[in-house]
Amino acid sequence: MASHQHTDTIHDLMIIGGGINGCGIARDAAGRGLSVMLAEQGDLAQGTSSASTKLIHGGLRYLEYYEFRLVREALSEREVLWRNAPHLIRPLRFVLPYHKGLRPAWLLRLGLFLYDHLGGRRLLPATRTLNLRTDPAGGPLNADFSKGFEYSDCQVDDARLVVLNALDAAKRGAGILTRTRCTRARRENGLWQVALTDQDNGQTRSIQARMLVNAAGPWVDQVLETTQLQPSGNSNVRLVRGSHIVVPKIYEHERAYIFQNPDGRIIFAIPYEQAFTLIGTTDQDHTGTLDTVMISKAEIQYLCESASTYFKAPVQTGAVVWSYSGVRPLYNDGASAAQEATRDYVLKVTDEDGKTPLLNIFGGKITTYRRLAEDALHRLTAYAPHAGPAWTTQAALPGGEFSVQELDTRTGQLQQDYPFVDAPWATSLIRRYGLRAWELLGDAKKSEDMGRLFGAGLSEREVAFLVQQEWVRQADDILWRRSKLGLHMSAAQRDAFRDWFTACYPARRAKVAV
């Protein structure tokens, strides 16, 4: 029988969902002086927010669907987020080969002109035309492609962006509960009464809050049904699966490619994790369970064939070393095809008694999460007159308190301060932790001081740091979300690490130092 705990503390804001939108809102609200509690049924970023194409981008193809407001907002956010997290977000040049018979060259040029000028670009370089016969970017491509365009966007470690928002929220006083499911939410006596059940031990606690935010992503409708806040069967979001494959590095340069397909879709081929190429994404309506979202054989074949149209060396299905899929909760705007459904977010506030608002979040994308959070707080200001002003535009995320030009300098400094850390390891640590890498390495003088080494640079000391600081409860939280080190390890190394972790950290609830 599950035990029940009750708290008399009244929070300003209760947030359901620990993806990018929920954690972004928690951070923004806590920084405005609101008392915040967030509950996530799994691990932070366990769903859609760790299964993106890892881009901070304006969305070039959204221009075709006249999503000018969304593109402008996303473009302007690129440099804001880059400045806030220069360790997680890096500028990337994208090569768009001109494909005869698809979009005409003049249309591509027009789209890229708008892309350069809609969003207040300052630091990122402008678009240029490429001769693929002479430019190194043409080297890996089929000889059919002689002309191309190159433009700027940014790459991001999506799951770490979520965790750092949660970490900053916690440091500003927010409560972050992982593996905790919302099982009940009712308006009673002018407050929200919310029941939260620990997924590991079955204990239930009651939370009281003045405002409730449903940021459950693909589960947004399920939350409304479970809590009986809407009739079952209502469909506010269209679930669209985006799948990706990872293969050993296809080419040596550091630029990405954006490829057009005859079906109107586009795919990316992106340098990934120093040794790989990431290829994606697909757009497929998703009708199955949300608990285990997996790529289909047809999607793997589609991505391999699409990439092979462009690359000289065909991408074989047998070369795939890893794949992942996420379900995007796109606002249900009635579009006929999945790739045509809007990527814009929709926020809806319902308020039955004038005192207890419910804010539902439908849609959204990682690039615009910070603006979405500001918008959400703006919608709730009438219910929280004591909230401070917007503040996140120029606020660095943890570890990112340095300028965008200093990334290489900081990596070199880490190697200088810790001579046993080689260049790939230093790069890996700085890209995950930024200035927090020094806190992680602490007083270590040699590699033996890091404790047991599990492979790919993962050490016992880093594991302890993640358990203490970043809500890690299971081995895969580390292998696939706090880092992507699982990609660099053998199956035997991953299994050995899981066995060790389970023995050392049985049913551990991570505590975050505030």
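The values are calculated or read from the model by the stated rules, or taken from the named source; none is laboratory data. Please read these numbers as outputs of a predicted model, since none were measured by experiment. Virtual Cβ from ideal backbone geometry, glycine too; neighbours counted across all protein chains shown.
Brief remarks follow.
- Test: Leu123 is surrounded by fewer than 19 Cβ atoms within 10 Å (Cβ to Cβ), farther than 30 Å from Ile478 by Cα and within 24 Å of the chain's Cα centre (by Cα): yes
- Residue count for the range 239-254, restricted to those that are farther than 17 Å from Thr48 by Cα and either under 21 Å from the mean Cα position of the chain (by Cα) or not assigned by TED's automatic domain parsing to the domain that holds Phe276 (or both): 2
- Test: residue in the range 195-210 that is within 21 Å of Asn21 (Cα to Cα), of a type outside the set (Ser, Thr, Tyr) and in contact with a helix residue (DSSP H, G or I) (Cβ under 9 Å, 6 or more places away or on another chain): yes
- Number of the exception - Asp200 against (1) at pLDDT below 95; (2) over 22 Å from Ala166 (Cβ atoms): (2)
- Being buried (at least 20 other Cβ atoms within 10 Å of the Cβ) and assigned to a helix (DSSP H, G or I) holds for only one residue in Asp477, Asp499, and it is Asp477.
- Residue match in the range 15-29 (condition: in the same structural domain as Asp375 (by TED's automatic domain parsing), modelled with pLDDT of 95 or more, in contact with a helix residue (DSSP H, G or I) (Cβ under 8 Å, 6 or more places away or on another chain) and among the charged types (D, E, K, R)): yes
- Taking (1) more than 27 Å from Thr368 (Cβ to Cβ); (2) of a type in the set (D, E, K, R); (3) out of contact with any strand residue (DSSP E or B) (no Cβ under 9 Å at 6 or more places or on another chain) in turn, Arg160 satisfies each apart from (1).
- Per-region count, the range 120-158, residues aliphatic (A, V, I, L, M) and assigned to a helix (DSSP H, G or I): 1
- Members of the range 315-354 found to be modelled with pLDDT of 85 or more, in contact with a strand residue (DSSP E or B) (Cβ under 8 Å, 6 or more places away or on another chain) and among the polar types (S, T, N, Q), listed by number: Ser323, Ser325, Thr350
- Screening Asp200 against (1) part of a strand (DSSP E or B); (2) over 24 Å from Leu372 (Cα atoms); (3) of a type in the set (D, E, K, R) leaves a single unmet condition, (1).
- Scanning the range 349-389 for residues that are in a loop (DSSP other than H, G, I, E, B) and exposed (fewer than 15 other Cβ atoms within 10 Å of the Cβ) returns Asp351, Glu352, Asp353, Gly354, Lys355, Pro385, His386, Gly388, Pro389.
- Residues that are surrounded by fewer than 16 Cβ atoms within 10 Å (Cβ to Cβ) and either outside any helix (DSSP H, G or I) or under 22 Å from the mean Cα position of the chain (by Cα) (or both) within the range 434-454 comprise Gly442, Asp443, Lys445, Lys446, Gly451, Arg452, Leu453, listed in sequence order.
- Leading residue by the ranking (surrounded by the fewest Cβ atoms within 10 Å (Cβ to Cβ)) among those in the range 390-429 that are in a loop (DSSP other than H, G, I, E, B) and without any contact (Cβ under 8 Å) to a residue 12 or more places away in the chain: Pro419
- Annotation: of all residues in the range 191-211 being farther than 10 Å from His11 by Cβ and of a type in the set (A, V, I, L, M), the one that is surrounded by the fewest Cβ atoms within 10 Å (Cβ to Cβ) is Ala195.
- Restricting attention to the range 414-447, the residues being in contact with a Pro (Cβ under 8 Å, 6 or more places away or on another chain) and on the phi < 0 side of the Ramachandran plot number 1.
- Where helices (runs of 4 or more DSSP H) fall entirely within the range 1-119, those with at least 3 residues that are in contact (Cβ under 8 Å) with a residue 60 or more places away in the chain and under 15 Å from the mean Cα position of the chain (by Cα) are at 20-31, 68-84.
- Residues that are among the hydrophobic types (A, V, I, L, M, F, W, C), out of contact with any Gly (no Cβ under 9 Å at 6 or more places or on another chain) and assigned to a helix (DSSP H, G or I) within the range 301-317 comprise Cys304, Ala307, listed in sequence order.
- The set of residues from the range 226-254 being of a type in the set (D, E, K, R) and farther than 24 Å from Arg343 by Cα comprises Lys249, Glu252, Glu254.
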